[in-house]
1. Of all the residues that make up region 25-48, how many are on the phi > 0 side of the Ramachandran plot and buried (at least 23 other Cβ atoms within 10 Å of the Cβ)?
2. How do the helices (runs of 4 or more DSSP H) wholly within region 46-159 filter down when requiring 3 or more residues that are away from the ligand (no atom under 16 Å from the Cβ): which remain?
3. Exactly one condition in (1) at positive phi; (2) at pLDDT below 95 is not met by residue 158; state its number.
4. Scan (1) more than 16 Å from the ligand (Cβ to nearest atom); (2) surrounded by 17 or more Cβ atoms within 10 Å (Cβ to Cβ); (3) over 21 Å from residue 43 (Cα atoms); (4) touching a residue at least 24 places away in the same chain (Cβ under 8 Å) for the single condition residue 216 breaks and write down its number.
5. Go through region 23-45 and report how many residues are outside any loop (DSSP other than H, G, I, E, B) and away from the ligand (no atom under 16 Å from the Cβ).
6. Anything in region 213-247 that is at negative phi and out of contact with any strand residue (DSSP E or B) (no Cβ under 9 Å at 6 or more places or on another chain)? List them, or say none.
7. Among the strands (runs of 3 or more DSSP E) lying completely within region 195-264, list those that include at least 1 residues that are under 21 Å from residue 158 (Cβ atoms).
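The values are calculated or read from the model by the stated rules, or taken from the named source; none is laboratory data. Note that this is a predicted model, so its numbers are computed, not measured. Note that we place each Cβ from the backbone using ideal geometry, even for glycine, and neighbour counts take in every protein chain shown.
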Ligand SMILES: [Mn+2]
């Protein structure tokens, strides 16, 4: 009999390793060595890189936790891979752009932890299933920003598809794009799934609540709370649909993480 495990969702980390570890510690899920307890699993909903001081340490810490951690693709990881952004750039080209004073410099400066080596690492993880674009467990879909009814048409999925079917379809596309990109062809990331108004990028104020997929429970990150707020938020959609936003702003000093449930 496998023991029951407790599943938690952890929001955007953005290079704040100490903040991440404090959040896990406050949730009471670390052992004396600072590692995740054996019966704990976490889904980190993406955006490990950029803004903070320690993204390399965050990656190393999460790797050290082995299969207790599911890592998802955030828009910050995606922009390292996408041909519209850093996908085709060398380190020298990237540095030249962000120091150019060109209007594009500000956009690229958001992804300041980018390097070609990190792009290669992400492609390798995505191609081998160590980094996922979406995850499903216990009837909940985990994705970086939000999946909407219009995405189901793009993905050729039925409205009543299971969260597992949705995650499988999204992961198949991402994995194929990564395998192609590893071989030098980045066109797989031009699929509408990876567009700037797609499920890795859109903000809650850019869509209407009825656009949430009826009855689907989603957990996402991507958007920290507004000024004065510091907690996980829940947005309600049609027929019991919900979008739980677990980006509490670790980079702003906030430390809440979400218990999703106990699973076998
Ligand atoms: Mn994001």
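1. 2
2. Passing ranges, in order: 55-64, 91-98, 104-109, 116-127, 149-155.
3. Exception for residue 158: condition (1).
4. Of (1) more than 16 Å from the ligand (Cβ to nearest atom); (2) surrounded by 17 or more Cβ atoms within 10 Å (Cβ to Cβ); (3) over 21 Å from residue 43 (Cα atoms); (4) touching a residue at least 24 places away in the same chain (Cβ under 8 Å), only one is false for residue 216: (3).
5. 9
6. 214, 226, 227, 229, 230, 231
7. By residue number, 217-220, 242-245.
This table checks each residue for (1) within 22 Å of residue 10 (Cβ to Cβ); (2) touching a residue at least 60 places away in the same chain (Cβ under 8 Å); (3) more than 20 Å from the chain's Cα centre (by Cα).
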residue: 159; (1), (2), (3): no, no, yes
residue: 176; (1), (2), (3): no, no, no
residue: 192; (1), (2), (3): no, no, no
residue: 222; (1), (2), (3): yes, yes, no
